[in-house]
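Below is one structure, written out as structure tokens, with a few remarks after it.
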């Protein structure tokens with residue numbers, strides 16, 4: 001496998017406002033541990049911290065910097081549930097429906113507990129809203145709201161009809177929506193770095209600039225980097241590696257998708273009070289969706305416009321700004337201070353991949369835009385399985401995933417055609 005030159009965090013609002021600039025060394029030589037975790041994003045860091053809290057010795061390997069990938073540059077929306085819930089219920093029946101309900105806010109609980117326990121400053125704020133981009137979408141949101149209320153969640157959910165929307169958001173482009181006050185938003189990079197610091201304080205050996213070039217499970221798992229080796233009882237691959245290590249079970253499951261965000265200059269209190277007085281994180285109901293929220297220093301962080309061609313826009317700010325202004329004309333004169341993007345992993349059936357690749361080799365990846373909450377859920381499920389509690393893991397391991405044929409040759413072109421279909425559906 002070719003070596004990959006390590007990189008620093010992408011230039012973003014998040015990287016400009018980090019509160020922990022710790023650098024961890026590169027792995028040199030051979031080390032041993034109970035668990036070796038590959039990947040320094042939410043999946044890997046949350047797994048490492050969970051296993052350290054349970055008294056296991058852990059080594060964490062990251063090719064670049066902790067939080068370098070999607071965990072450190074995403075929209076920061078902490079949304080209840082995971083993607084692909086309908087598929088889970090369809091494939092697993094009553095057990096799947098129970099699983100979906102049981103884990104809906106488990107990631108929130110983990111994050112909130114760690115923010116309090118370890119003093120992680122990550123601008124955690126509650127309040128999230130899904131808005132209806134089309135009139136027909138509102139009927140689906142009403143049905144979803146009614147179902148959730150019937151399950152006992154009425155205390156933190158609120159349905160907002162079209163005529164009442166202006167009291168919540170300063171725009172006229174939507175047709176209502178619902179608010180989930182149990183969900184919310186945060187500074188993802190600071191959360192990831194804070195959890196890594198907590199893990200290190202508990203004894204986790206963290207190595208950055210340590211690209212993994214080979215690994216193996218089985219009776220004696222091992223992981224090899226360019227200049228070192230880890231011998232462990234269990235290996236966990238955390239994050240979007242796609243099928244980098246040649247495992248057939250990963251081939252064609254996911255494709256890299258471009259997603260982009262802009263951040264305005266800090267807005268005045270008057271503008272904030274007009275466009276988002278409740279400080280909600282928001283996403284719309286389209287398949288190819290917009291999502292946005294306010295930062296702690298009152299910037300509009302506006303993202304979306306997924307790109308499935310593997311070609312980034314020449315000017316992210318110029319590409320994203322018109323849509324932001326279409327929704328909020330109040331921001332037409334606001335300066336764009338940051339613009340960034342990168343790859344996220346979209347699973348073909350949207351269900352996160354949480355499974356064995358071989359004995360003592362686990363993988364968790366592919367959250368399809370729901371990573372803040374879902375990564376922490378997945379990390380706990382895999383950690384439970386390593387410790388011998390396999391009920392939830394076994395259910396995910398049973399999921400039949402859709403694979404895109406010839407994805408290594410034509411994947412992006414085929415997915416682009418599929419997403420063109422969904423873009424057209426979003427218009428009507």
Looking at 121, 95, 86, which is the one that is surrounded by fewer than 21 Cβ atoms within 10 Å (Cβ to Cβ) and at pLDDT below 95?
86
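Would you call residue 229 under 21 Å from the mean Cα position of the chain (by Cα), surrounded by fewer than 21 Cβ atoms within 10 Å (Cβ to Cβ) and either at pLDDT below 95 or outside any loop (DSSP other than H, G, I, E, B) (or both)? If you could, list the steps in order and put the result at the bottom.
Details: under 21 Å from the mean Cα position of the chain (by Cα): no; surrounded by fewer than 21 Cβ atoms within 10 Å (Cβ to Cβ): yes; either at pLDDT below 95 or outside any loop (DSSP other than H, G, I, E, B) (or both): yes.
Here the answer is no, as residue 229 does not meet what is asked.
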Looking at residue 239 and the list (1) at pLDDT 95 or above; (2) assigned by TED's automatic domain parsing to the domain that holds residue 61; (3) in contact with a helix residue (DSSP H, G or I) (Cβ under 9 Å, 6 or more places away or on another chain), which single condition is not satisfied?
(1)
What is the number of the single condition among (1) part of a loop (DSSP other than H, G, I, E, B); (2) modelled with pLDDT under 95; (3) within 27 Å of residue 181 (Cα to Cα) that residue 21 does not meet?
(3)
Being farther than 17 Å from residue 266 by Cβ and more than 24 Å from the chain's Cα centre (by Cα) is the filter here; which residues of the range 316-333 pass it?
318, 322, 325, 326, 327, 329
Considering only residues that are outside any loop (DSSP other than H, G, I, E, B) and under 13 Å from residue 290 (Cβ atoms), which ones fall in the range 321-330?
321, 322, 323, 324, 325, 326, 327
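Can you pull out every residue in the range 98-118 that is under 23 Å from residue 14 (Cβ atoms) and surrounded by 20 or more Cβ atoms within 10 Å (Cβ to Cβ)? Don't jump to the end; show me each part of the working.
Taking the range 98-118 and keeping what is under 23 Å from residue 14 (Cβ atoms), we get 107-108, 110-118.
Listed by number, the residues that qualify are 107, 108, 110, 111, 114.
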Quick check on residue 244: is it at pLDDT below 95 and not in a strand (DSSP E or B)?
yes
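Return the total of residues in the range 24-53 being at positive phi, surrounded by fewer than 21 Cβ atoms within 10 Å (Cβ to Cβ) and either under 21 Å from the mean Cα position of the chain (by Cα) or assigned to a loop (DSSP other than H, G, I, E, B) (or both). Show your work before the answer.
Of all residues in the range 24-53, those at positive phi come to 29, 39.
Adding the requirement that they be surrounded by fewer than 21 Cβ atoms within 10 Å (Cβ to Cβ) leaves 29.
In the following step, the residues that additionally are either under 21 Å from the mean Cα position of the chain (by Cα) or assigned to a loop (DSSP other than H, G, I, E, B) (or both) were identified as none.
Looking only at that region, the number is 0.
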Could you grab the pairs with beta carbons closer than 7 Å, sequence gap of 6+ or different chains, first residue in the range 149-171 and under 19 Å from residue 274 (Cβ atoms), second one surrounded by fewer than 17 Cβ atoms within 10 Å (Cβ to Cβ)?
168/278; 170/274
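I'm trying to understand the selection: among the residues of the range 331-382, which are assigned to a loop (DSSP other than H, G, I, E, B) and on the phi < 0 side of the Ramachandran plot? Spell out how you get there, then give the answer.
Step one: filter the range 331-382 for residues assigned to a loop (DSSP other than H, G, I, E, B), giving 332-335, 348-352, 359-360, 366-370.
Those that are assigned to a loop (DSSP other than H, G, I, E, B) and on the phi < 0 side of the Ramachandran plot: 332, 333, 334, 335, 348, 349, 351, 352, 359, 367, 370.
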Single residue of the range 54-77 satisfying the filter (out of contact with any helix residue (DSSP H, G or I) (no Cβ under 9 Å at 6 or more places or on another chain) and more than 30 Å from residue 300 (Cβ to Cβ)) that is surrounded by the fewest Cβ atoms within 10 Å (Cβ to Cβ)
55
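The rows are residues; the columns are (1) in contact with a helix residue (DSSP H, G or I) (Cβ under 7 Å, 6 or more places away or on another chain); (2) crowded, with 21+ Cβ neighbours inside 10 Å; (3) over 30 Å from residue 233 (Cα atoms).
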site: 281; (1), (2), (3): no, yes, yes
site: 284; (1), (2), (3): no, yes, yes
site: 287; (1), (2), (3): yes, no, yes
site: 297; (1), (2), (3): no, no, yes
site: 301; (1), (2), (3): yes, yes, yes
site: 321; (1), (2), (3): no, no, yes
site: 354; (1), (2), (3): yes, yes, no
site: 360; (1), (2), (3): no, no, no
site: 365; (1), (2), (3): yes, yes, no
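The values are calculated or read from the model by the stated rules, or taken from the named source; none is laboratory data. Quick caveat, the model's predicted, so the values are computed rather than measured. When we count neighbours, we look across all protein chains shown, and the Cβ atoms used for this are built from the backbone with ideal geometry, even at glycine.
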